[in-house]
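The values are calculated or read from the model by the stated rules, or taken from the named source; none is laboratory data. What you see is a predicted model, and the numbers here were worked out from it, not measured in a lab. Positions of Cβ are generated from backbone atoms using ideal geometry, with glycine treated the same way; all protein chains shown enter the neighbour counts.
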Amino acid sequence: MKEKVLNALKSVLYPGFSRDIVSFGIIKKIEVRSGIASIDAEITTENNQIVETLKKSIPAAAKSVNGIIDVNLNFTVHSPSKEEEENKNLAPNIKHIIATTSGKGGVGKSTVSSNLAIALAKKFNVGLLDADIYGPNIPTMVGIEGHPVSVNQEKKIVPIEVYNLKVVSIGNMVPKDKAIIWRGSLIHRAIQQLLSDVEWGELDFLIVDLPPGTGDAQLTLAQSVPISASIIVTTPQEVAMSDAIKAVDMFRSLKVPIAGVIENMSYFLCPHCGKRSDIFSSGGGKNLSKHFDIPLLGEIPINLAIREGADAGKPIAATSKDTIFNQIADKLVEAIEENNGNDI
Ligand SMILES: Nc1ncnc2c1ncn2[C@@H]1O[C@H](COP(=O)(O)OP(=O)(O)OP(=O)(O)O)[C@@H](O)[C@H]1O
Ligand SMILES: [Mg+2]
């Protein structure tokens, strides 16, 4: 019976995430006597809404098991202690961690991450961490595919230096074309190691390119280091927008500041006649920015040179002097300085 209740609880998702509460370790104990399930659950959060949702969904799931007539839920809520907050910084030599994410895949996160990192590296010490462990594209985009990774005397991974950036990607550590099955706990460990077991040195900014969606990588990052700013990349069409809303919601519930939204593949300027076409519709980024009251950091057009640069490992931010990524980088620095109340 206990097993059946546990299985039923595996269908309850942690609010805002695609992962269930059992694998999160929230359920501490289950006992069943005379049809009454006693469940001990424990959670560390400051978000009351998550607590209220779980107080309803846990008993409901347990009661769905045949033979369970009532549920006693003993729910303990801890707020993260100061010590835990301080301990969570696995990368204390990095001043500002910036996370690039999106609701939907293929909207241009890695393109934005690599170009933005290069634009920032013209003025600051910058690292680029490819946290897309499912499909690491950064090595291709910055031209370091197949470059081996070395380890120093302290057994720390040494980042590969290119375009004035320090780059680390799982793509340089596992054979290309090899599919890795990532379980939640493995993702957690891999991302923590990419933060703490790398010789990042002193950095002003570390740009973290995340996989799409609201999953384990996002959660682990937010729990392991303080994130100064997150950037939500979207394309203008309806399906991308509704997924972007979930990403906004996730970061808000994790209390991660959102620096702004970038609308990519905004429009197409015909190189022959100069006419603008809104291929994927228009105004989505603006609407998202208005709706959630978050800044619109930029609208990036569909541009052949952006795609060619990415495929060739020569991002346009490195090969052209004046690109939209310089403007986005300036806006981002401003947003972070404003949020922090001092200069970087
Ligand atoms: N503004 C743009 N103009 C032209 N091509 C673009 C633009 N932005 C991205 N692309 C191209 O679109 C493709 C997808 O971009 P990218 O890999 O950056 O997306 P992603 O969101 O990181 O994808 P994934 O979810 O798979 O990680 C790439 O081939 C990239 O070169
Ligand atoms: Mg990507």
Could you say which residue among ASP197, ASP249 is acidic (Asp, Glu) and either within 16 Å of ligand 2 (Cβ to nearest atom) or closer than 21 Å to LEU288 by Cβ (or both)? ASP249
Of all residues in the range 63-111 being under 26 Å from GLU199 (Cβ atoms) and among the small types (Gly, Ala, Ser), the one that is modelled with the lowest pLDDT: ALA91
I'm told SER228 meets every condition in (1) over 13 Å from THR100 (Cα atoms); (2) surrounded by fewer than 23 Cβ atoms within 10 Å (Cβ to Cβ) except one. Can you identify the failing condition by its number? (1)
Has the range 48-56 got any residue that is among the hydrophobic types (A, V, I, L, M, F, W, C), touching a Gly at 6+ places or on another chain (Cβ under 9 Å) and farther than 22 Å from LEU186 by Cα? yes
Looking at the range 101-113, which of its residues are near ligand 1 (Cβ under 8 Å from one of its atoms) and under 17 Å from LEU297 (Cβ atoms)? SER102, VAL107, GLY108, LYS109, SER110, THR111, VAL112, SER113
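Run down PHE75, PHE24 and say which single residue is surrounded by fewer than 17 Cβ atoms within 10 Å (Cβ to Cβ), farther than 22 Å from ALA247 by Cα and out of contact with any Leu (no Cβ under 6 Å at 6 or more places or on another chain).
So the residue among PHE75, PHE24 that is surrounded by fewer than 17 Cβ atoms within 10 Å (Cβ to Cβ), farther than 22 Å from ALA247 by Cα and out of contact with any Leu (no Cβ under 6 Å at 6 or more places or on another chain) is PHE75.
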On the given criteria, is ASP204 away from ligand 2 (no atom under 12 Å from the Cβ), modelled with pLDDT of 95 or more and touching a His at 6+ places or on another chain (Cβ under 7 Å)? yes
Checking GLY127 against (1) crowded, with 22+ Cβ neighbours inside 10 Å; (2) assigned by TED's automatic domain parsing to the domain that holds SER11: exactly one of these is not met. Which one? (2)
Out of curiosity, is GLY309 within 16 Å of ligand 2 (Cβ to nearest atom), surrounded by 17 or more Cβ atoms within 10 Å (Cβ to Cβ) and of a type in the set (Gly, Ala, Ser)? yes
When you scan the range 156-163, do you find a residue that is closer than 24 Å to PRO301 by Cβ, within 16 Å of ligand 2 (Cβ to nearest atom) and in contact with a helix residue (DSSP H, G or I) (Cβ under 7 Å, 6 or more places away or on another chain), even just one? no
Residue in the range 9-19 that is assigned to a helix (DSSP H, G or I) and under 26 Å from ALA217 (Cβ atoms) present: yes
Go through (1) part of a loop (DSSP other than H, G, I, E, B); (2) surrounded by 15 or more Cβ atoms within 10 Å (Cβ to Cβ) one by one and return the number of the condition CYS273 breaks. (2)
Among the residues of the range 114-136, which ones are touching a Pro at 6+ places or on another chain (Cβ under 8 Å), within 13 Å of ligand 1 (Cβ to nearest atom) and assigned to a helix (DSSP H, G or I)? SER114, ASN115
